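Shown next, in structure tokens, is the structure this report addresses.
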Amino acid sequence: MTGLQLARAHCANWLGNGKGCLGAMLDDDLQIRRCIPKPKCVLGTPGQRCLYFEECLAPMARSMADPRRREEFAQVVRQYRLAAKLPCTDERPCPRCGRAMTPRQRFCRVCSAARNRVNQRTWVEKRRGELSKVKAFSAVEQQGVARGVLSDRYGDSGQPQNGG
């Protein structure tokens, strides 16, 4: 299916027999905003935009029940967006590098791997710092227990705890 076939089948502005386009634009309250007839449909011309197609026809793909027709419709909308140099909905740019991302991602594959490496590195460094503090404290504590300094701190009575 091409853009012109889609317009012929679904566009309210399509004038039959090759007469062109009515050029009507609808307002939010579904009233005609303006009507500037055109000699031919702009969907056949690469690089030109049709606001009626963008506002009224392109969103129709989501509401189609037949998956095959929905996919064909989505492909035509994608081809139109590429020809008009508009961003496609399935190709969002990564906020860090600008590469295309798949849906439901915050960053592209390369940037997310780099972020994971950095996060893992900082976690390991933080963990090593905590472990070195624990080891240093336990070494000091062991020295104090060996000298008998810290035994009162823990309430050690010197008696065996097993009832012996």
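Some observations on this one:
- Verdict on ARG68 being exposed (fewer than 13 other Cβ atoms within 10 Å of the Cβ), among the basic types (Lys, Arg) and farther than 15 Å from HIS10 by Cα: yes
- Taking the conditions (1) out of contact with any strand residue (DSSP E or B) (no Cβ under 7 Å at 6 or more places or on another chain); (2) modelled with pLDDT of 80 or more; (3) surrounded by 13 or more Cβ atoms within 10 Å (Cβ to Cβ) in turn, PRO95 satisfies each one other than (3).
- When the criteria are applied in full, SER138 meets the requirement of being in a helix (DSSP H, G or I), modelled with pLDDT under 80, out of contact with any Pro (no Cβ under 9 Å at 6 or more places or on another chain) and among the small types (Gly, Ala, Ser).
- Number of the exception - ARG49 against (1) part of a helix (DSSP H, G or I); (2) surrounded by 11 or more Cβ atoms within 10 Å (Cβ to Cβ): (1)
- Check on ALA61, aliphatic (A, V, I, L, M) and either outside the structural domain of CYS50 (by TED's automatic domain parsing) or within 19 Å of ALA9 (Cα to Cα) (or both): yes
- Any chance MET25 is in contact with a helix residue (DSSP H, G or I) (Cβ under 7 Å, 6 or more places away or on another chain), within 21 Å of ALA84 (Cα to Cα) and either basic (Lys, Arg) or not in a loop (DSSP other than H, G, I, E, B) (or both): yes
- Screening MET101 against (1) at positive phi; (2) in contact with a strand residue (DSSP E or B) (Cβ under 9 Å, 6 or more places away or on another chain) leaves a single unmet condition, (1).
- Residue in region 32-39 that is surrounded by 13 or more Cβ atoms within 10 Å (Cβ to Cβ) and either assigned to a loop (DSSP other than H, G, I, E, B) or at pLDDT 75 or above (or both) present: yes
- Flag for ALA74 being part of a helix (DSSP H, G or I) and at pLDDT 80 or above: yes
The values are calculated or read from the model by the stated rules, or taken from the named source; none is laboratory data. The structure presented is a predicted model; accordingly, all values stated were derived computationally and were not measured. Cβ coordinates were reconstructed from backbone atoms using ideal geometry, including for glycine residues, and neighbour counts include every protein chain displayed.
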